[in-house]
Amino acid sequence: MADEGVEVVAGAFAVILLQVIAGGLLLGAVYALFSSGLSLIWGMMNFINFAHGEFVMLGMYVALVTVQWVGGGPAVFGLAAALGLFILGVAIYFALIREVMRGPMLAQILSTFGLALLLRYAAFFVFSPNFVTLPQTALTGTIDIAGILLGVPQLVGAVVAAALTLGMHLLLTRTAIGSQLLAVAEDRSAAMLMGIRPDRMQALAWGLSAASAGIAGALIAVAYPFSPSVGETFALTAFVVVTLGGFGSVPGAALAGLIVGVIQGLSAYYFGPVYKDIVVYGLFVALLWFRPQGLLGTA
């Protein structure tokens, strides 16, 4: 009887552990998506975008407004978030980033930090600081896979995020546009001699980065409540993921996103939700002590 009781407890513990890991992987896939956009900007332009978390937040509110005004489902508000944030990213590049890139690094840092504050408090003014949730969509319920319960919104969001992250990697490595983006990243002057227009490519990079953040925000909004203040949290998460994966590496961001998601899930289960970020940042600092270039970055 005692042995049977131990086996039952061990089995229940194993199911709970797998449940926590699965939830962390689903969330980590979305982390990978919006972090890959930050990695693209960081690797291509050596530019730190402190407003990236606010792009994720705006994607959430684009989804909310689309549902309330148009009544569309996830496909509609996901496309709206991608298109809206792409346009915003391109506009920000031409209105702000192109100019401050010619200045010192401090100007670049302060410009996007100020942009983050502008977007955050504009959202406070328009939407109020209260947490909101999306109205119920077609993505509801749970799926039982070998005793592990997975929420349909989280599962669909993770699959879409993983597909889009893979798509961004293939865009950069297997297409002519990707070759032009990487050429501008390697040598702007040489790219101009080859007939490539660097401003157009860098504006495209900002549009893709913002669009990936917008889609990720829409995917997160399906399953979690949000407010204008969540952008700060997502910005910190994105910086941890990009640095952990390796600067400018989309595969590194994807791997690091999954790792961060699992670590957050396990630490929240064992130590409590309050400590999940502390554990992530602690392990992050420890890894950088031994491998400062990140998991897939070059020395």
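Coordinate-derived values only; no laboratory data. Worth saying up front: this structure is predicted, and the values here are computed from it rather than measured. With ideal geometry, Cβ positions are generated from the backbone for all residues, glycine too; neighbour counts draw on all protein chains shown.
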Rounded to one decimal in Å, the inverse mean reciprocal Cα-Cα distance for the range 72-224, i.e. its Kirkwood radius, is 18.0
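Roughly how big is the chain's charge dipole about its Cα centre, with Cβ charges of +1 (Lys, Arg) and -1 (Asp, Glu), in debye to the nearest 20? Don't skip to the end; give the middle numbers.
Working: 9 positive and 11 negative charges, 186 e Å.
About 900 debye.
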By the Cα gyration tensor axes a ≥ b ≥ c (a/c under 1.5 gives rounded; else a/b larger than b/c gives prolate, otherwise oblate), the shape of the chain is prolate
In whole Å, largest first, the alpha carbons of the range 155-299 cover along the principal axes 56, 38, 25
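Classify the range 21-150: rounded, prolate or oblate, from the alpha-carbon gyration tensor (a ≥ b ≥ c, eigenvalue square roots; a/c under 1.5 rounded; otherwise prolate if a/b is larger than b/c)? Display every interim value, and only then the final one.
On the way: a/c = 2.39, a/b = 1.60, b/c = 1.49.
Here the range 21-150 falls in the prolate category.
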Asserting the computed 222 nm helical MRE of the chain (DSSP H runs at least 4 long, -39500 (n - 2.57) per run, divided by residue count, to nearest 500) equals -25500 deg cm²/dmol
